[in-house]
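Where a number appears in this text, it was derived from the coordinates with a stated rule and is not lab data. Keep in mind it's a predicted model, so treat the numbers as computed, not measured. Don't worry about glycine lacking a Cβ; one is built from the backbone with ideal geometry, like all the others, and counts go over all protein chains shown.
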Amino acid sequence: MFMSGSSDRMLIIVGVISTVVLLSSLTYEFLLHEEAEVSFSIDDSTMMEDINRIASFGPRVAGSAEETLATNYISQRFTELGLENVKVEEFQVTSAWFVDAEPDEHQILMHAQLEQGIQNAPGLPDGSAGTGRVAIDETGNLNHVESFTFLGYSGSNHKHDNMLTFLGNGSAQEFESVGDLTDLAVMINYDNSRSLAEIYRESIDRNAGVVMIYTEGVETPPFRSVTVQENGMTVPFPDAYGGQYADALIPYIYISESVAMMFHDYIDQAANDATLFASLDGFWEGNNVGTRSVKVVTGELPGQGDGEILVGAHHDSVYISPGAVDNAVGVAQLFEVATQLSELNLESTVTFATWGGEELGLLGSQAYIQSYQENIDDLDLYINLDSTNLDPSKGLGTLGIEASEQGLVESVSKIQRSVLGHEEWSDYDATVQLNEHNGNSDHRSFNQHGATTIGFYGWEYEEYHRQTDVPGVVHQDGLALTVEIVLHILVAQGGHESVEEPLIQISGLEGGSESWVFPFVLALLAGLATGIGGLIVFILKEITQELMAFLLAMAAGVMLLVSVLDLWFGQAMENGFIPITLSFGVGVGVVYAVNMYANKDEDLSSMSKEQKLYKSGVLTAIALAIHNFPEGLAMGVAVLESAQYGVVLMAAIALHNIPEGIAVAAPIQAGGGGRLKATLIAMATGFTEPLGALFALLVLGPILTPFMVGCSLAFVGGIMTVVAYNELIPQARAQNRPKHLLVGAVFGAAVMQMSLLLLG
């Protein structure tokens, strides 16, 4: 049939076999074949029980008896869940202490007032009311936590009766304009233009007595630790700068905006009357800095092979809060993740950890990393859970997710879209963003060490870092969402044994390629397969109408199936229907626009049959050359992740590139282009394949994402669809061989579908 077109029996056999192969492969793909999807039955009531128990211990500041109670409970739960090597480790770190600062027992008070008279009477110590001094007005006693909070690592040697001074936003110029700040109470409107550490350091250097911070629009004073970035690590302020400030710390206080406005009024009145001065007084004592213990609890769920994943959440809270949402929720979700994973068989070993000292500057996770640096170097992924409680009824229905790599952003985005597509999560949303070296929780410690991380967090809520952060605040119905997303990430990243593997398995090609050479060679081999198709045409003595109809229809079948099922539908399933359909449509529009421009002055009716064939061949060559470029992009990315997948991908691409090469060479040769020219053009279309791989590997590099590749492939799919529909099929029909056209189209579609099925 291929040489003379005279055998109807052979044509029927090819047609029947092709039909059976096509229908059976499509049936397997869409009806019988199911993706290995793991389902979970998540228990939010057990999580609530854990939250209640952890919060019942009270504020769990690192080094406290309450932290010990919490870590004992956590280690007990790890053991009950069947984790191995469960242990509680204790690290000695520099931290903030609060002596006589428990709000339920000892109120910390301060007040400011407007005074008239002698500020510091001669011969009397600072803080003593000199002769003639009269308090004109005062704020009254401001309650700790309600009106102000100590920042982490602030000192306690407060000198009473400090004159109030406003230094704007605390810029270097504003500090310089005042100069010496001895015994002054400095007030600053903090706008993030300068770090807290820089402001604190300069205040100490200039001998200030007190530093007070407020932020416009912030009425609830937050608790914040002061840290410094040194050598890629977050360092507690007392340990930074060579430790020169460890014994020189001054009170560092966050005040509410309303309190700041009262202080401003005092300062303004004093500025307009030389006999007045605004002063700050306070009643607090205790050493706010020292060495304390920080506990870390770990347990392992051994995997079936290599791979190391760590999932963590901090168990401590700020010193005033029982920390139900922040972060008993994260710990309870950690337990549930471990519960669900114990029923599966992951390739990777998953270690679960809870950190102390997160609220004091990520102290527990940093101490752990320093002690186990080699283990962290071998870590494939760290996942962090912090305050991941969502409550749509309060407008807090969006989950925040931070990933340290762009590729991870894309894969996590797919997972969260899949999970949120279920009806039970219709009121919830999630944002996935790139965060390479930052983060406000323990994943930051791992980021700074160079580990790959995903950080989960909820949005700020009214009870954040307050005494009112109790279990009653927790929205039980939202607890399972984070757990479900994390579990699907772990299944995808941890190598679940039931996850679908390619139909072709190649021993010795486990893991990804570390060099651009291997993916380039694979892409080159796949591209050269079009030359094989051209050589087949080259050795043919005659291209009959039967053969031409068959070859053109075969090419159309290949292009339509790959365009519609793979480049549009397949990519839409992976990357979303709207962007992929738009990309596909743009490809369609581009071809029509080019055709309209190219043919505006050309009378197509005057073209000979040979000219039309030649034109179809050239257009097919252009379309396939464009198609092969993003196909090479995809191969370059794929081989870096999995060498085996790259080889299978190469084989599949090469398989359908052969008939594509035939489809280019045959009409060009029949249209008078000559056998050699036709073969060379067919071969040339394949060279864009390795060029695409090189471009992905050497140029696009870190910015190339699966989403970008998907949109590129969809765009090409639109181009190929138009070429097949407007050029190949009409030219095949023009041969007046309808049987050969039909069989050729089915044969091409069957070859293409089988090559796609090889990818698994």
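This ranking places VAL226, VAL297 by how few other beta-carbon atoms lie within 10 Å of each, fewest first, which gives VAL226, VAL297.
Seen through its C-alpha gyration tensor, with square-root eigenvalues sorted a ≥ b ≥ c, segment 346-423 comes out oblate because a/c lies at 1.5 or above while a/b is not bigger than b/c. When peptides 562-569, 86-93, 110-117 are ranked by their average number of other Cβ atoms within 10 Å per residue, the highest-first order is 562-569, 110-117, 86-93. Which of rounded, prolate, oblate describes segment 175-274, given a ≥ b ≥ c as roots of the alpha-carbon gyration tensor eigenvalues and a/c under 1.5 marking rounded, otherwise prolate only if a/b is larger than b/c? Cα axes put segment 175-274 in the oblate bin.
For the peptides 321-329, 389-397, the ranking by packing is 321-329, 389-397, with the highest mean count of neighbouring Cβ atoms within 10 Å listed first.
Step through the table entries LYS295/LYS414; LYS87/LYS414; LYS394/LYS414, compare each Cα-Cα distance with 30 Å, and write down the pairs that go over it. Write down the numbers at each step before the final one.
Working: LYS295/LYS414 36 Å; LYS87/LYS414 35 Å; LYS394/LYS414 27 Å.
Over 30 Å apart, Cα to Cα: LYS295/LYS414; LYS87/LYS414.
Among THR220, THR431, THR721, sorting on how many other beta-carbon atoms sit within 10 Å of each Cβ, with the fewest leading, yields THR431, THR220, THR721.
Under the classification rounded if a/c is under 1.5, otherwise prolate if a/b is larger than b/c and oblate if not, where does segment 721-760 fall, given a ≥ b ≥ c as square roots of the Cα gyration tensor eigenvalues? It is oblate, given that a/c is not under 1.5 and a/b is not larger than b/c. Could you work out the local net charge near LEU713, counting Lys and Arg as +1, Asp and Glu as -1, over the other residues with Cβ closer than 11 Å to its Cβ? Summing Lys and Arg as +1 and Asp and Glu as -1 gives -3. When peptides 240-250, 708-718 are ranked by their average number of other Cβ atoms within 10 Å per residue, the highest-first order is 708-718, 240-250.
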